Number of protein chains: 2
Amino acid sequence: MKENKTTNESNPAGEGFIRGIAIDAVIFGFHDQLLKVLLMQYKKSNIFALPGGFIRDGEDLEDAAKRVVSDRTGLKDIYLDQFYVFGDANRSDPTPMKTIMDAWGLSHDDDHWLLQRFISVGYYALVDFTQVTPMPDRIFDGCEWYALSDIPKLMQDHELIVRKALESLRANLDNKLIAFNLMPAEFTMNDLQSLYETILDKKLLRPAFQRKMLSLGILERVAKKWTGGAHKAPYLYRFIS
Amino acid sequence: MKENKTTNESNPAGEGFIRGIAIDAVIFGFHDQLLKVLLMQYKKSNIFALPGGFIRDGEDLEDAAKRVVSDRTGLKDIYLDQFYVFGDANRSDPTPMKTIMDAWGLSHDDDHWLLQRFISVGYYALVDFTQVTPMPDRIFDGCEWYALSDIPKLMQDHELIVRKALESLRANLDNKLIAFNLMPAEFTMNDLQSLYETILDKKLLRPAFQRKMLSLGILERVAKKWTGGAHKAPYLYRFIS
DNA sequence: TTATTATTGTAACATTTTATTACAATAATA
DNA sequence: TATTATTGTAATAAAATGTTACAATAATAA
């Protein structure tokens, strides 16, 4: 994780990095009954993008993806899934990147590695919204949560990448039992059901959902119950292994 | 598909290609009740590898994958699934490639682009075994079918790639309804069940399998029946849309 | 203190799906 | 023409899933 002045992303030849390959991360969080993603913004020109990064010489692809997500969220031990590689020849429109580089006073040279064609490996991350501290990077001066239903126009093919990430998340949901990564440490059955309903975008029946979740044997009831509502107090659950 | 003497893979700088990214193809066929994959061989040193290739400047990743599979099988309209990207820093042991290049009298220079680190995009293809004409490429002088259970030691991490491809195929089987790509144009229900059993590596019950397949509404009974056995003649089916 | 309200936990039942058993039909062979 | 092996599918059993129902109870209001 140590860095060198001469090998950050702004050097024109991309020294220290694998050229031509990027990582784009769709970082999902769940808050206020909404699925949200972390987006980067270059505020001056209102350019929005997915958090991304590059692979260092000698660095494993997977580690680079972890680093990207870690650097934007402040988390470690992140749940990551590699879901697709985006490799269309015309996906790398250099215009927005040029605008940003101009504004930062970086090389105007069309040969700059950041302006060449990139093939991008898509990863989605599932994180506990309450634990994240969004952090801008060297290129974008903003980093914030956006509800999936309220995403601004994104640069290049990043909207497609978000769509594909959501598709994969849905397809994996029952299969891989990964929804828990989006919950805080303790949660009610209703919280969990809301999450499933939001991801799948459909209502589920409460008794069936409860029966199914409990039968998986991966939920543990916590001693204390949730409290606050004018009704029977629900159990709190914790995810176990 | 047209080529230029100066931009084939052997030019030292990889001109005409995207450097650092390769495509590896796991081409599945079904024959003699066995799942088989097409493997490349450099006969002199008995080096085995998956069919692979590189992305040309201006070529879509997906098109490059199609070209690779097309060039090895002689087929077009190939069923392809991108299943994983292999990006460990140490996956690109240059030794076998050096051996081959030496033998072909190509550059001994360690700077040759083929000897650098590669990130590889894995695709699996499902093809009709009976329609394939295996064809060697510029690097390997052999191209043959090998039963999955009988695969020789492969170079680099290609055995891992095969394993991952099979995992993905299994996971997608019921989901994506893709098994038909491995069958000839007409087949009996028993042929199809054998294929499923081979891929999933478990026995299936005949009535349940038949009911399920017919209920999908994607099979059409052909006028003639299969003939040859000392028993009731089974229907022949064809895959529709 | 006691009734009211909203929501929970889960039992009971209904429906659908999947698994299993059974058996008549029939192409090739004896 | 009888025998054999295998097919196509009906019938039944079991499991999974969907739906209704209702007692339990935390907070609030009377």
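All of the numbers you see were taken from the coordinates with simple rules; none came from a lab. Computed from a prediction, not measured in an experiment: that's the story for all the values here. Because the Cβ atoms are built from the backbone with ideal geometry, glycine has one as well, and the counts that use them run over all protein chains shown.
Between the alpha-carbon centers of the range A:102-134 and the range B:197-213, tell me the distance in whole angstrom.
47
Convex hull volume of the Cα atoms in the protein assembly as shown, per residue, in Å³? Provide the component values of the computation, followed by the final result.
On the way: hull volume 90.3 nm³, N = 482.
Each residue corresponds to 187 Å³ of Cα convex hull volume.
Answer with one residue from A:41, A:90, A:61: the one whose Cα lies farthest towards the positive end of the charge dipole of the range A:16-113, charges on Cβ with Lys, Arg +1 and Asp, Glu -1.
Selected residue: A:41.
Under a GNM of chain B (C-alpha, springs under 10 Å), which listed residue has the highest mean-square fluctuation: B:229, B:217, B:52?
Per the Cα network of chain B with a 10 Å cutoff, B:229 tops the list.
Which log10 I(q)/I(0) values does chain B give at q = 0.13, 0.15 Å⁻¹ under the Debye formula, counting every alpha carbon as one identical point scatterer?
The Debye formula, applied to the Cα set alone, gives -0.82, -1.02.
Evaluate the charge dipole of the protein assembly as shown about its Cα centre and quote only its size in Debye, nearest 20, assuming +1 on the Cβ of each Lys and Arg and -1 on the Cβ of each Asp and Glu.
Details: 60 positive and 66 negative charges, 489 e Å.
Using Cβ point charges on Lys, Arg, Asp and Glu, the protein assembly as shown gives about 2340 debye.
Suppose every K and R has +1 on its Cβ and every D and E has -1 on its Cβ; what is the size of the dipole of chain B about the Cα centre, in Debye to the nearest 20?
Charge dipole, chain B, about its Cα centre: 1240 debye, nearest 20.
Report, to the nearest 10°, how far helix A:158-172 tilts away from the longest principal axis of the Cα atoms in chain A, using its own Cα long axis and a range of 0 to 90°.
Approximately 30 degrees, to the nearest 10.
Of the options B:10, B:208, B:196, report the single residue whose Cα projects farthest towards the positive end of the charge dipole of chain B (beta-carbon charges: Lys, Arg +1; Asp, Glu -1).
B:208
Averaged over peptide B:88-97, how many Cβ atoms belonging to another chain are found within 10 Å of each residue's Cβ?
Values: counts 5, 10, 2, 2, 0, 0, 0, 0, 0, 0.
Whole-number average of other-chain Cβ neighbours for B:88-97 is 2.
Which value, in Å to one decimal place, does the Kirkwood hydrodynamic radius take for the range A:79-135 when every pair of different Cα atoms is included?
For the range A:79-135, inverting the mean 1/r across all distinct Cα pairs yields 14.0 Å.
For the range B:87-214, rounded, prolate or oblate, judged on the Cα gyration tensor with a ≥ b ≥ c (square roots of eigenvalues), a/c < 1.5 rounded, else prolate if a/b > b/c?
prolate
Relative to the other copies, what are the label-point distances for residue B:205, with labels 7 Å from Cα along the C-beta vector, expressed in nm at one decimal and sorted shortest first?
Relative to the other copies, residue B:205 has label-point distances of 2.4 nm.
I'd like the antiparallel share, as a percent to the nearest 5, of DSSP beta bridges with both residues in the protein assembly as shown.
About 75 percent, rounded to the nearest 5.
Peptide A:78-87: average number of partner chain Cβ atoms within 10 Å per residue?
3
Which whole-number percent gives the relative contact order of the range B:2-62, counting Cα pairs below 8 Å spaced six or more residues apart?
After rounding, I find 32 percent.
Which length gain, in nm to one decimal place, applies between residue B:137 and residue B:103 when the Cα-Cα distance is subtracted from 0.36 nm times their residue separation? Let's see the in-between values first.
Details: separation 34, 0.36 × 34 = 12.24 nm, distance 1.51 nm.
Residue separation times 0.36 nm, minus the Cα-Cα distance, leaves 10.7 nm.
Between residue B:177 and residue A:10, what's the calculated FRET efficiency when r is the beta-carbon distance and R0 is 41 Å? Round to 0.05.
Details: r = 48 Å, r/R0 = 1.17.
So the FRET efficiency works out to roughly 0.30.
Quick one: angle between helix A:95-104 and the longest Cα principal axis of chain A, in degrees between 0 and 90, rounded to 10, please.
80
I need to check one value: relative contact order of chain A, counting alpha carbon pairs closer than 8 Å and at least 6 residues apart, in percent.
Numbers: 390 pairs, mean separation 54.6, N = 241.
Across chain A, relative contact order equals 23 percent.
Please report A:214, B:50, A:205 as a ranked list, fewest other C-beta atoms within 10 angstrom at the top and most at the bottom.
If I rank by nearby Cβ atoms, fewest first, I get A:205, A:214, B:50.
If amide H atoms are built 1.01 Å from N in the plane of the peptide, which residues on other chains or at least 5 residues away come under 5 Å of the amide H of residue B:55?
Here the answer is B:18, since their amide H atoms fall under 5 Å of that of residue B:55.
Give me, ordered by chain and number, the residues 5 or more places off residue A:219 or on other chains with an amide H under 5 Å from its own placed amide H.
A:240
Arranged by the count of other C-beta atoms within 10 angstrom, fewest first, what order do A:119, B:55, A:178 take?
The most exposed by this proxy come first: A:178, A:119, B:55.
Restricting things to alpha carbons, tell me how big the range A:12-141 is in terms of Rg and Dmax, in Å.
In Å, with Rg to one decimal and Dmax whole: 14.9, 46.
When the Karplus curve 6.51 cos²θ - 1.76 cosθ + 1.60 is applied with θ = phi - 60°, which whole-Hz ³J(HN,Hα) does each residue of the range A:30-36 get, with x for Gly and Pro?
In residue order, the calculated couplings are 10, 7, 6, 6, 10, 7, 10 Hz.
With charges set only on the Cβ (+1 for Lys and Arg, -1 for Asp and Glu), what does the dipole of the range B:43-168 come to about its Cα centre, in debye to the nearest 20? The partial results should precede the final answer.
Values: 14 positive and 22 negative charges, 55 e Å.
For this selection, approximately 260 debye.
Calculate one ³J(HN,Hα) per residue across the range A:123-131 by plugging θ = phi - 60° into the Karplus curve 6.51 cos²θ - 1.76 cosθ + 1.60, and present them in order as whole Hz with x for glycine and proline.
Once rounded to whole Hz, the list reads 10, 10, 10, 10, 10, 7, 3, 5, 9.
Whose amide H sits under 5 Å from the amide H of residue A:27, counting only residues 5 or more places off or on another chain, with H placed in the peptide plane?
A:38, A:125
Within 10 Å of each Cβ of A:50-62, how many other protein chain Cβ atoms are there on average?
Partner Cβ neighbours, averaged per residue: 2.
Run the quick spin-label model on residue A:170 and residue A:110: label points 7 Å from Cα toward the beta carbon, then report their separation in nm to one decimal.
With each label point 7 Å from Cα toward Cβ, the separation is 4.1 nm.
Grab the DSSP H runs of chain B that are 4 residues or longer, score each as -39,500 (n - 2.57), total them, divide by all residues and round the 222 nm result to the nearest 500 deg cm²/dmol.
-8500 deg cm²/dmol
Beyond 30 Å between alpha-carbons counts as too far, so tell me which of B:66/B:225; A:66/B:203; A:98/A:164 fall in that bin. Each step should come with its number before you reach the end.
Working: B:66/B:225 35 Å; A:66/B:203 40 Å; A:98/A:164 26 Å.
With Cα atoms farther than 30 Å apart: B:66/B:225; A:66/B:203.
With θ set to phi - 60°, apply the Karplus curve 6.51 cos²θ - 1.76 cosθ + 1.60 along the range B:38-50 and write out the HN-Hα couplings as whole Hz, x wherever there is a Gly or Pro.
Per-residue couplings from phi come out as 7, 10, 8, 9, 9, 5, 4, 10, 6, 9, 10, 8, 6 Hz.
Take B:153, A:232, B:36 and order them by how many other Cβ atoms sit within 10 Å, fewest up front.
A:232, B:153, B:36
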